[in-house]
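The values are calculated or read from the model by the stated rules, or taken from the named source; none is laboratory data. Keep in mind that this is a model prediction, so the values were computed, not measured. Note that each Cβ is placed from the backbone with ideal geometry, even for glycine, and that neighbours are counted across all protein chains shown.
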Amino acid sequence: MWLRARDVAMHAATNDRIAAAVTRLPPAREIAASYVAGETLPEAVAAATDAVEKGLEVSLHPLAAEATTPAMAEQATAELLGTVEALGSRSELAPHAEVSIALSSLGIGLRDAGPSLALHHAQTICRAARNAGVLVTIDDERPEIHEDVLDVVRSLLADFPTTGVVVQAARHDSLDQIRELSATGRRIRLCKGDYSGPKDEMVVSPHDVDLRMSACLRALLRGPSTALIATHDPVFIAIAERLITDLNRGPHNVEFQMLQGIRPYEQRRLADIGHRVRVYLPWGRDWYSYCTRRIIERPANILLFSRSLVARR
Ligand code: FDA
């Protein structure tokens, strides 16, 4: 039953015609509404303001499809610059705000000049963000573009040292990356990783992912970098809390990060006891593939989502 429901959701996630139909369905829009901060920038800014008023930090992520043309990359850059400007112009928001960038939307996957184009756009955004007092983190993405993303990040760090970098624990080289990137003031976001890839690049069994997450978490918290712990998993949150106490870390150099709509009470609990907590707020009309990824992560969501499609037919 679970596998069939997952297959339905997987198929739905990758089919453009289904995407076009589903994004108009009220049940799908309802599920999406819990994971995204709105379809427009003013809605996202309102959600960010609400989160900041509750004592949380925010990371805004304009949802954009992978750029298949330079024009799409420019459009995504303009959207990010607009987001930076909107955050920077609000003094109550800017000190708590970050933008998260997917380099795929800035053209990194375009043939030949993709990485240099994405670097150029990312530099423009980082410069604007620095002037606006807003932070930037570069998301990690599918394994095929991982090395290019890392190269762009290395280049950005030379000019913009506060740029946040993501390590997916599930990668075989995750510990190496933490060792390579560790530096005082360096912002490293550790997450489990949500792209299943070739077995020579990623560990795939959930148990093995947890073992790697555990090793990475210890390495990150014992090192000099600012640890951005991006997980909703109660076990890793508990381990992190213990290590933070034992190692006398935080709150200035440790941060918990969670996605919009997932474990909101835990986000508030951690903030209420003095931790820095950042909520990742994706926004935009292009929410379909982001939401189907979140839905696929959770069996209960898949059944709900699949039933809503079947019921409609
Ligand atoms: P896990 O998936 O085991 O979930 C633990 C618990 O969280 C579940 O038992 C459930 O209670 C809750 N939960 C998790 N997912 C849920 C869902 N969809 N709906 C409802 N409840 C859910 N990945 C990546 O590859 N590149 C990146 O750049 C990033 N960036 C990033 C930023 C931030 C701020 C976060 C929080 C996460 C990412 N990720 C990411 C995603 C990450 O790799 C991972 O897929 C998710 O965080 C889920 O993993 P958990 O550690 O939460 O564990």
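Given (1) over 18 Å from Val149 (Cβ atoms); (2) in a loop (DSSP other than H, G, I, E, B), identify the lone condition not met by Thr49.
For Thr49, the exception is condition (2).
Among Ser205, Ser225, which is the only one that is away from the ligand (no atom under 11 Å from the Cβ), of a type in the set (Gly, Ala, Ser) and within 18 Å of Leu243 (Cα to Cα)?
Details: Ser205 fails: within 18 Å of Leu243 (Cα to Cα).
Of Ser205, Ser225, the one residue that is away from the ligand (no atom under 11 Å from the Cβ), of a type in the set (Gly, Ala, Ser) and within 18 Å of Leu243 (Cα to Cα) is Ser225.
Answer yes or no as to whether Phe256 is at pLDDT 95 or above and surrounded by 22 or more Cβ atoms within 10 Å (Cβ to Cβ). I'd like the intermediate steps shown before the answer.
Numbers: at pLDDT 95 or above: yes; surrounded by 22 or more Cβ atoms within 10 Å (Cβ to Cβ): yes.
Considered against the rule, which asks whether it is at pLDDT 95 or above and surrounded by 22 or more Cβ atoms within 10 Å (Cβ to Cβ), Phe256 comes out as yes.
Testing Ala271 on (1) more than 9 Å from the ligand (Cβ to nearest atom); (2) assigned to a helix (DSSP H, G or I); (3) modelled with pLDDT of 95 or more; (4) over 24 Å from Ala44 (Cα atoms), one condition comes back false. Which one is that?
For Ala271, the failing item is (4).
Quick one: is Leu157 within 15 Å of the ligand (Cβ to nearest atom), at negative phi and surrounded by 15 or more Cβ atoms within 10 Å (Cβ to Cβ)? So that I can check it myself, show each step before the final result.
Numbers: within 15 Å of the ligand (Cβ to nearest atom): no; at negative phi: yes; surrounded by 15 or more Cβ atoms within 10 Å (Cβ to Cβ): yes.
Considered against the rule, which asks whether it is within 15 Å of the ligand (Cβ to nearest atom), at negative phi and surrounded by 15 or more Cβ atoms within 10 Å (Cβ to Cβ), Leu157 comes out as no.
Yes or no: segment 180-194 includes at least one residue that is within 12 Å of the ligand (Cβ to nearest atom) and free of Cβ contacts under 8 Å to residues at least 40 places away in the same chain.
No, segment 180-194 has no match at all.
Can we say Ala94 is surrounded by fewer than 20 Cβ atoms within 10 Å (Cβ to Cβ), among the aliphatic types (A, V, I, L, M), in contact with a Leu (Cβ under 8 Å, 6 or more places away or on another chain) and touching a residue at least 40 places away in the same chain (Cβ under 8 Å)? Lay out the reasoning, then the answer.
Details: surrounded by fewer than 20 Cβ atoms within 10 Å (Cβ to Cβ): yes; among the aliphatic types (A, V, I, L, M): yes; in contact with a Leu (Cβ under 8 Å, 6 or more places away or on another chain): yes; touching a residue at least 40 places away in the same chain (Cβ under 8 Å): yes.
Taking the combined requirement at face value, the residue satisfies it.
Under the condition of being closer than 25 Å to Val58 by Cβ and surrounded by fewer than 18 Cβ atoms within 10 Å (Cβ to Cβ), which residue from segment 201-242 is nearest to the chain's Cα centre (by Cα)?
Residue satisfying both the conditions and the ranking: His232.
Determine, yes or no, whether Met258 is farther than 24 Å from Ala32 by Cα, near the ligand (Cβ under 9 Å from one of its atoms), of a type outside the set (Lys, Arg) and within 21 Å of the chain's Cα centre (by Cα). Spell out the reasoning first.
Details: farther than 24 Å from Ala32 by Cα: no; near the ligand (Cβ under 9 Å from one of its atoms): yes; of a type outside the set (Lys, Arg): yes; within 21 Å of the chain's Cα centre (by Cα): yes.
Here the answer is no, as Met258 does not meet what is asked.
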